[in-house]
Amino acid sequence: MAATSKSTRSNGNANPVVDDIAERAARIREELAALSEALAGAGALKSGVAREAAEHKIDELLQSGEKIVAELSDQYSRAEKQVSATVRDKPLQSLGVAVAAGFLAAFIMRR
């Protein structure tokens, strides 16, 4: 899993949405690490207390994850609307960019 986060950071993407997703994924990883620390520390506690602490932390993580997914969905929706508006405003330029991207992808795939 660590290799994946390194590769996303080292891509040098200028896309703020991708950067935001990487940051949020790192935050989730940190929260999961905190959960595992909480569970490790709970080994000394009675099983009922440990279970309640774990369930509470899991609930917090699930709520955090749902919130992040909702925010990312909103960002994706806004980006999609922006791209659609740009294509509608400048159809020939958009077509040219799409053709150039296709040729570039084909050139890279050949090698």
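Of the residues 72, 62, 32, 92, the single one that is modelled with pLDDT of 80 or more and loosely packed, with under 10 Cβ neighbours inside 10 Å is 92. With respect to (1) modelled with pLDDT of 85 or more; (2) over 30 Å from residue 94 (Cα atoms), the lone exception for residue 45 is condition (1). Among the residues of region 14-29, those that are among the aliphatic types (A, V, I, L, M) and either part of a helix (DSSP H, G or I) or open to solvent by less than 80 Å² (accessible area, probe 1.4 Å) (or both) comprise 17, 18, 21, 22, 25, 26, 28. Of all residue pairs spaced 6 or more apart or on separate chains, those with beta-carbon atoms under 8 Å, a first member in region 73-96 that is over 17 Å from residue 17 (Cα atoms) and a second member that is in a helix (DSSP H, G or I) and open to solvent by 50 Å² or more (accessible area, probe 1.4 Å) are 94/86; 94/87.
The values are calculated or read from the model by the stated rules, or taken from the named source; none is laboratory data. It should be emphasised that the depicted structure is a prediction, and the values quoted were computed from it without experimental measurement. Note that each Cβ is placed from the backbone with ideal geometry, even for glycine, and that neighbours are counted across all protein chains shown. Keep in mind that these areas ignore ligands, DNA and RNA; they rest on the heavy atoms of the full protein, side chains included. Shrake-Rupley method; radii C 1.70, N 1.55, O 1.52, S 1.80 Å.
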